[in-house]
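Sending over a structure as structure tokens; questions will come in a sec.
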Amino acid sequence: MLHRARNVACLAAVLTFTHITLANPPADTTAGATAGCFSVGGGYLRARIRGALDLDLNWRNAEMQCEGGPRPSGNGVRVSIAGPARGDGHRIRLVFGIAGVREGGGGERLRTNVTILFEGEKRIFATQGDDKCTADSLTQERVESLGPGRAVYRVVARGFCLGPATSLSHEERVTLTSFDFAGRVEFSDDDRHESNASN
């Protein structure tokens, strides 16, 4: 029972983040979200999903919607990438929570949790922890500034999952057998101060 409550709490946190991100995009990024991941190009996502659904995703910068920033705990980054809109509010969004990196940093063999949302269908799959997926490699490159104290980084990562992501009902499972993406994260002075305070 405690395990189920913990899973529900984890999913609620992810959904809250996603809802807030979509409803209130960061200032000065609304145009970027409409036009693509980065105004200068260079965003992409390639992923293989197997199990209850068999999907091969291959998204390019102009058809993507990207958000991201530090994880609430301060340990790592959270990258949200949505693919092409499919009409009636339907689109697929992947959210990666990658531990062990800070602003501008990189790493290898980083523990990762993954949530896959089918927007417009109320269908969600989540690994419910960062013990099932690994980012083999991750790099960050600063690509633009949004004004004093705010910066945007291009995060490039690739990896795989050995364990499944489970639906809310626990009746379906999918495995992200491979992923490779260039997404977006933003950091502000507030993020930096919160991160330092949490150490």
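The values are calculated or read from the model by the stated rules, or taken from the named source; none is laboratory data. These numbers were taken from a predicted model, which means no experiment stands behind them. FYI the Cβ positions are ideal-geometry reconstructions off the backbone, even for glycines, and counts take in every protein chain you see. Heavy atoms of the whole protein, side chains included, go into the accessibility calculation; ligands, DNA and RNA do not. Shrake-Rupley method; radii C 1.70, N 1.55, O 1.52, S 1.80 Å.
Of (1) of a type outside the set (Gly, Ala, Ser); (2) modelled with pLDDT of 90 or more; (3) crowded, with 16+ Cβ neighbours inside 10 Å, Glu172 satisfies all except one. Which?
(3) is the only condition that Glu172 fails.
Still on this structure, please answer the following. Cβ-Cβ under 9 Å, sequence separation 6+ or interchain: first residue in the stretch 65-89 and free of Cβ contacts under 8 Å to residues at least 40 places away in the same chain, partner small (Gly, Ala, Ser) and assigned to a strand (DSSP E or B). Which pairs?
Going by the 9 Å Cβ cut-off, the qualifying pairs are Gln65/Ser80; Gln65/Ala82; Arg71/Gly97; Gly76/Gly97.
Residues that are open to solvent by less than 40 Å² (accessible area, probe 1.4 Å), at least 3 per element: which strands (runs of 3 or more DSSP E) completely within the stretch 27-120 meet that?
On the way: elements: 44-51, 55-60, 65-70, 77-82, 91-98, 107-119.
Answer list for the stretch 27-120: 44-51, 65-70, 77-82, 91-98, 107-119.
Let me spell it out: the conditions are (1) modelled with pLDDT under 90; (2) open to solvent by 50 Å² or more (accessible area, probe 1.4 Å); (3) touching a helix residue (DSSP H, G or I) at 6+ places or on another chain (Cβ under 8 Å), and Thr16 meets all of them except one. Which number is the exception?
(3)
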